[in-house]
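The values are calculated or read from the model by the stated rules, or taken from the named source; none is laboratory data. What you see is a predicted model; the values in this text were computed from it and never measured. Note that we place each Cβ from the backbone using ideal geometry, even for glycine, and neighbour counts take in every protein chain shown.
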Amino acid sequence: MALKEEKKILLVEDEPSLIAMYQAAFRSSSYELLVAADAATGLKLAQENNISLILLDVIIPEAEGKVIEFSKRVGFNLLGRLKKDPKTKSIPVITLTNLDSPEDRVKASSLGAVDYLIKANFLPKEVVETATKILNKK
Amino acid sequence: MLLKNVILFAGVINLLLGLIVWKKVTKSKTNFAFSLLGLSTSAWAIFNYLFETFHTKLLLQSAYSFGALVPTIGLFWLLNVGKENYKKKLTWLRVIIIPISLFLFVISYVDGWIVSGEYNNLSNVFEIKIGSLYYVYALCVFILILFLLAISYLLQKNSEGLQRIQLKYISIGIWSFSLIVILVSFILPLFGIIRFAKLDSPSSLLFVTFSAYAIIRHRFMDIRLIIRRTTVYVAATIVVLMLGLLIYWFQANILNSNIPAGILGPIVLLIGIIIFGPLKNYFNQFANKYFFTSIYDYQKTLDKFSSDVTSTINLAEVVGVTIKTIQQTMQIDNIGLFVKNKHYQPIEIFGFDEKELSKMVSNPRCRNFITELRKPIVYDELAGNIRDFKQPQEEIEYTREQMRGMNVAIVLPLVTKENLISCVIMGKKISGDAYTHEDIRLLESLSNQAAISIENARLYNEVEGFNQTLKRKVDDATKRLRELLKIKSDFLTVASHQLRTPTSIVRGMLSLVIEEKDLSSEEREKFISQAYEGINRLERIIHELLNATELEGKKMKLDFKKTRVEDTIEEIVSNLSPLAEQLKVKLAFNKPIRSISKTLADPIKLKEAITNIIDNAIHYSAEGEVEISVRRKQDQIIIEVKDTGIGMSKNDQRMLFTKFSRGEGILQIHPNGTGLGLFIAKKMLEAMGGTITAESKGKGKGSKFTLTIPIK
């Protein structure tokens, strides 16, 4: 495994069960899955590693130990920052969320997300497939 | 010859004065007495004239007999003018003078007592013989005149207001008339000078002149208008007559023709009829302009006011036009207009002290008086005879004193359809002149028009205000509906997100278990248990949502059992300990030393309610502390849940327990919740007779929730 030239995918997700689930799903793929449970960690990991793709949840805490606020779409905030930072702005971002309002979809796309996946509608393996497709297109 | 004509003139003028006042006789005793005064003076003068012309004894005696009546009737009149108390005080005077003057009247006709005489054909002179009682007669008349002088002076001195001004002129008239009579008939004859004696009756003209002045300028006897009309008619008639005579003279002397009277007469009459109308109008205008100094044209003023006041529906403008018109036509500075809602409200006040004026108008006595009278209240009339009014004396006196104090001349009520809607308070005229009857008639007409316009403006204002209120209410309701829609849509977003999260876990986990071949058995077991956990979470969220929807407006079904609250809390704390550990929250329950008695409560609902509160506190106090205590206070159990968490703004505290409605900070929600926990807890506690309150010193300063449960 160590010999494989693995592409790195960053998952920004705070729900432990979901993290475990996506980790299991990506294990059989050719990608290495990094996980950040809050926005601050997510930004840091994105800047410091050579990330090829980001799977981004929208309702996440700003930093470790912070409460989750529905009124603040912290994930969108992070997306904006990623797209401004020259080091991270070219990384494709897939929004992976359970929010499903037209406003949220428009917001994600206007901020530069390449896709918008509803967690409940996409099985873990479908998420992996979508990620693969986008990475191969590049 | 000239003197004779002057005497005749005096007689005619006095007769006219007497007759004009006679027309108003029904008005009062006072006017009746004044009328008699004019008539007796006239009779005296006319008998004098007749005697000078025909020289008979009877005419001479008649002149003396009627002359004796003049001062007596004058006294009678004066006694009627005075105030009530004055009349009573002087009753004795009347008792004395009546027999005296009747006696003088009668004995004047007895030959040899006062005067008699006969015509001397030789010298062509009527020789007057003085009778035995002549000096008694003279003394009596002299004393009567002295009384007249004294009483006119005293009356004038003791009266007030307009009456005093009127009486001043009347007194001057009486004094000048009387003094001349005393001089020419009593004093000069003592020195043997008798040739001026005949000036006595013409001097009554002085009295007439001063009376006329009082009538015209100061509304004396209320007959100004009659005088004015009479003058105009007389002038027009004289001109027509003169014209007729001129035509006769012209055709007889210049043309030398002899048109029969049967033809000429109707022609002259016709011309007279045709020119009488225009002539009358001409004299009317003339009188307006020069004689009566009227500065407004009645009809023109009314027309202009009507058109001005109906051109607007704005209350302030209507009031403005009303005030301006009255100020200009009446020539006054001080004026105020009140509109009656529940009370009188001042709309515009000029010159008067607004506070004092409002006090007067809203005083019940004055208010009642205005309401009941429904006519202009004229101060001068109040100052005169109060008995002319039907209203309680107390009301009149109060109003009069207030009017006097503030120099109010007229209170003009504006009435529509029996309703008093407004009143105008007017000060004195700038010139100091009194308000004439014509003024008051104009004011009454103006007030009718103004009342209608003010009422219309007021109704319009009301409708306008009503419209605005309605619009505001609709706007408010729309805004509130929009807010509710937004809240509902926010809630749906949150609810669907929270429902989907466990759904995605369950679906995802199960798909992995089915499809991933290389899972270890431990992993497989772990995923299945997480799927199970997710289903539980889903169920809890659904339960909360349904609970919240159900609680709205419905009575909750409760299953009461004897419950020990501290045990319930202990159970909850132990259930929530793993969560607290996970979030690094120090969770402490201070169990009371002495056990609290059991109470009737629904244990399941109670547990759910308290769980919601503590669960909330733990979620918002990551890495902090949550402290729970319970105690008994009288017949209540009090549970306090204190945390060191994020706290709340004042606005959040207000919105805290409402369904779907969450303030800025309260939209912070822990991942497993729906945000309905507090709402549900409150509803449940309230159903059990308890309460829940929250306090916080502000954002970031922790919160304290206090729950009470009654002991039953």
Practice problem: Looking at (1) hydrophobic (A, V, I, L, M, F, W, C); (2) closer than 24 Å to B:S176 by Cβ; (3) free of Cβ contacts under 8 Å to residues at least 12 places away in the same chain, find the lone condition where B:V136 falls short. | Solution: (2)
Quiz item: Quick one: how many residues across region B:471-530 are under 60 Å from the mean Cα position of the chain (by Cα) and within 7 Å of another protein chain (Cβ to nearest Cβ)?
Solution: 0
Quiz item: Got a sec? Which of B:A451, B:A434 is farther than 24 Å from B:K355 by Cα and small (G, A, S)?
Solution: B:A434
Quiz item: What about A:A37, is it within 11 Å of the chain's Cα centre (by Cα), at pLDDT 85 or above and surrounded by fewer than 20 Cβ atoms within 10 Å (Cβ to Cβ)?
Solution: yes
Quiz item: Is it true that A:I9 is modelled with pLDDT of 90 or more, more than 8 Å from chain B (Cβ to nearest Cβ), in contact with an Asp or Glu (Cβ under 9 Å, 6 or more places away or on another chain) and surrounded by fewer than 20 Cβ atoms within 10 Å (Cβ to Cβ)?
Solution: no
Self-check item: Index of the failed condition, B:L58 passing every other in (1) more than 54 Å from the chain's Cα centre (by Cα); (2) farther than 29 Å from B:L3 by Cα
Solution: (2)
Practice problem: Examine region A:78-87 for a residue that is within 25 Å of A:V128 (Cβ to Cβ), in contact with a Lys or Arg (Cβ under 9 Å, 6 or more places away or on another chain) and within 14 Å of another protein chain (Cβ to nearest Cβ), and state whether such a residue exists. | Solution: no
Quiz prompt | Failed criterion for B:K300 (all others in (1) surrounded by fewer than 14 Cβ atoms within 10 Å (Cβ to Cβ); (2) over 34 Å from the mean Cα position of the chain (by Cα); (3) modelled with pLDDT of 80 or more hold) | solution = (2)
Quiz item: Yes or no: B:T549 crowded, with 17+ Cβ neighbours inside 10 Å and among the β-branched types (V, I, T)?
Solution: no
Quiz item: Within region B:600-615, can you find the residues that are in contact with a strand residue (DSSP E or B) (Cβ under 8 Å, 6 or more places away or on another chain) and either buried (at least 24 other Cβ atoms within 10 Å of the Cβ) or closer than 13 Å to B:I572 by Cα (or both)?
Solution: B:A601, B:P603, B:L606, B:A609, B:I610, B:I613, B:I614
Quiz item: In region A:89-109, how many residues are within 16 Å of A:N77 (Cβ to Cβ), within 14 Å of chain B (Cβ to nearest Cβ) and in contact with a helix residue (DSSP H, G or I) (Cβ under 6 Å, 6 or more places away or on another chain)?
Solution: 3
Quiz item: Which one of these is buried (at least 19 other Cβ atoms within 10 Å of the Cβ) and touching a strand residue (DSSP E or B) at 6+ places or on another chain (Cβ under 9 Å): B:F350, B:F338, B:F305?
Solution: B:F338
Exercise. For region A:55-72, state whether one or more residues are more than 30 Å from B:G624 (Cα to Cα) and either aliphatic (A, V, I, L, M) or over 15 Å from the mean Cα position of the chain (by Cα) (or both).
Key: yes
Exercise. Kindly indicate whether any position in region B:592-606 is among the polar types (S, T, N, Q) and in a loop (DSSP other than H, G, I, E, B).
Key: yes
Exercise. Scan region B:167-193 for residues that are more than 48 Å from the chain's Cα centre (by Cα) and aromatic (F, W, Y) and jot them down.
Key: B:F177, B:F186, B:F191
Exercise. Confirm whether B:E444 is over 20 Å from B:S306 (Cα atoms) and either surrounded by fewer than 17 Cβ atoms within 10 Å (Cβ to Cβ) or over 12 Å from the mean Cα position of the chain (by Cα) (or both).
Key: no
Practice problem: Only one of these is hydroxyl-bearing (S, T, Y), surrounded by 13 or more Cβ atoms within 10 Å (Cβ to Cβ) and in a loop (DSSP other than H, G, I, E, B): B:T312, B:T325. Name it. | Solution: B:T312
